[in-house]
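Working notes, beginning with the structure itself.
The values are calculated or read from the model by the stated rules, or taken from the named source; none is laboratory data. Since the model is a prediction, treat every value here as computed from it, not as a measurement. Glycine also receives a Cβ, built like all others from the backbone with ideal geometry; neighbour counts cover every protein chain displayed. Each accessible area value is taken on the protein alone, full model and side chains, heavy atoms only, with ligands, DNA and RNA left out. Shrake-Rupley method; radii C 1.70, N 1.55, O 1.52, S 1.80 Å.
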There are 2 protein chains.
Amino acid sequence: MATKAQAPKWLNPREMKAWRSYIIASRRLLDALDTDLEGHDLSMADYEVLAQLSDAPGRKMRMSELAELAMVSKSRLSHRMKVMEKAGWVRREECESDRRGSYAVMTDQGWKAIVKAAPSHVASVRNRLMDHLTVKDQEDLAKIFDRLQTELRGQFINEN
Amino acid sequence: MATKAQAPKWLNPREMKAWRSYIIASRRLLDALDTDLEGHDLSMADYEVLAQLSDAPGRKMRMSELAELAMVSKSRLSHRMKVMEKAGWVRREECESDRRGSYAVMTDQGWKAIVKAAPSHVASVRNRLMDHLTVKDQEDLAKIFDRLQTELRGQFINEN
DNA sequence: GGTAATTGGTAGAACTTTCAACAATTGAAG
DNA sequence: CTTCAATTGTTGAAAGTTCTACCAATTACC
């Protein structure tokens, strides 16, 4: 059920090249960015969670919503929050309007942590990626992956 | 030591857009591809290992070399091999020329497994990615990520 | 040849992520 | 107002990954 009737068509050399270049360089890139963040005791995933949370009004957001935005499962977010809570970056607050729910709230300390990490993370995105792209490249990239994202959001993928 | 002196420059909107589109769509794409492979009891990582191994002469390769090509750590490959060995897809053979070393060898059963998975994986790459790209896009993509890969290989990242 | 440094690979511990089940609440239907 | 399905979020265990230490073989060097 994953894909529809299998197109028997193999990838042609051009496609193959695009695919392999993309997949390999991306892996390297993500690894490098993760490594760069280590100094701040953050992984890309945690950074993403905190970044999203810090954008929310009051730096406060329902767990489910946060999970959705940061593209992690609820279960994973829950576990991760426990760790970040111990680190003093976030805390939980219960929700009065829906008493099943709870809020993730970023603490001042958490805010400080991400503000401190951000410049070096941005520099890292620059060093590792942007510096190697022309303006034209950036536009191409945005165009391609924007379209891709739209298409992929259509095909659904369940998150537990 | 991760990055050199921090460029204080923030990302401009164009850069930000390129970056976020890329990172989010990539995550979705990789997730989708992994999901598509589940039916064959393979992860992208395992597929990559087997694919590399199946390309080697005699479908046989030194562990370290395989780890390098498939971009996994030696330790991880070692653990993974244990699992795939149990599944009957690979076996180990000792190396006479260097008696510290050993070969990873793909079994017939492993070959069958990957041959069986390949068409649907390729179809999946098509459905999820290629079908949404024009020829021009493919060329742009290859160009960008080729360059990126070269640059990133220069900046070193240690793998244990 | 002897011994130190390096390399190839593995193993166990610690940690992270996923999976499946769960309690609590909500909302809708009868 | 009761019942039932769906939603929110958590948990414990299983599966997977990374880290560290290690052994054994090899190579380098005196």
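Quick one: in segment B:46-84, of everything that is open to solvent by 30 Å² or more (accessible area, probe 1.4 Å) and in a strand (DSSP E or B), which residue is nearest to DNA strand C (Cβ to nearest atom)?
So, considering only residues that are open to solvent by 30 Å² or more (accessible area, probe 1.4 Å) and in a strand (DSSP E or B), the one nearest to DNA strand C (Cβ to nearest atom) is B:R62.
Taking the options B:M63, B:M81, B:M71, B:M44, name whichever one is more than 18 Å from A:R28 (Cα to Cα), touching a helix residue (DSSP H, G or I) at 6+ places or on another chain (Cβ under 7 Å) and of a type in the set (A, V, I, L, M).
Only one candidate passes the filter, namely B:M63.
Can you go through B:G39, B:G58 and tell me which one is at the interface with chain A (Cβ under 7 Å from one of its Cβ atoms) and in contact (Cβ under 8 Å) with a residue 24 or more places away in the chain?
B:G39
Report, by residue number, each residue of segment B:121-153 that is more than 19 Å from B:I23 (Cβ to Cβ) and surrounded by 16 or more Cβ atoms within 10 Å (Cβ to Cβ).
Listed by number, the residues that qualify are B:H121, B:V122, B:A123, B:S124, B:V125, B:R126, B:N127, B:M130, B:Q138, B:A142, B:D146.
For segment A:5-44, which residues satisfy the criterion of being farther than 25 Å from B:V49 by Cα and open to solvent by less than 30 Å² (accessible area, probe 1.4 Å)?
A:D36, A:L37, A:L42
Applying the selection to segment A:93-103, what residues are without any contact (Cβ under 8 Å) to a residue 24 or more places away in the chain and either charged (D, E, K, R) or within 10 Å of DNA strand D (Cβ to nearest atom) (or both)?
The answer is A:E94, A:E96, A:D98, A:R99, A:R100.
Just to be sure, is B:A25 within 14 Å of chain A (Cβ to nearest Cβ), in contact with a Leu (Cβ under 6 Å, 6 or more places away or on another chain) and more than 12 Å from DNA strand C (Cβ to nearest atom)? Step through it out loud before you land on a result.
On the way: within 14 Å of chain A (Cβ to nearest Cβ): yes; in contact with a Leu (Cβ under 6 Å, 6 or more places away or on another chain): yes; more than 12 Å from DNA strand C (Cβ to nearest atom): yes.
In short, yes.
Can you tell me which residues in segment B:94-134 are within 13 Å of another protein chain (Cβ to nearest Cβ) and under 12 Å from B:H40 (Cα atoms)? Outline the logic, then answer.
Residues of segment B:94-134 within 13 Å of another protein chain (Cβ to nearest Cβ): B:115-134.
Correct list: B:V115, B:K116, B:A117, B:A118, B:P119, B:S120, B:H121.
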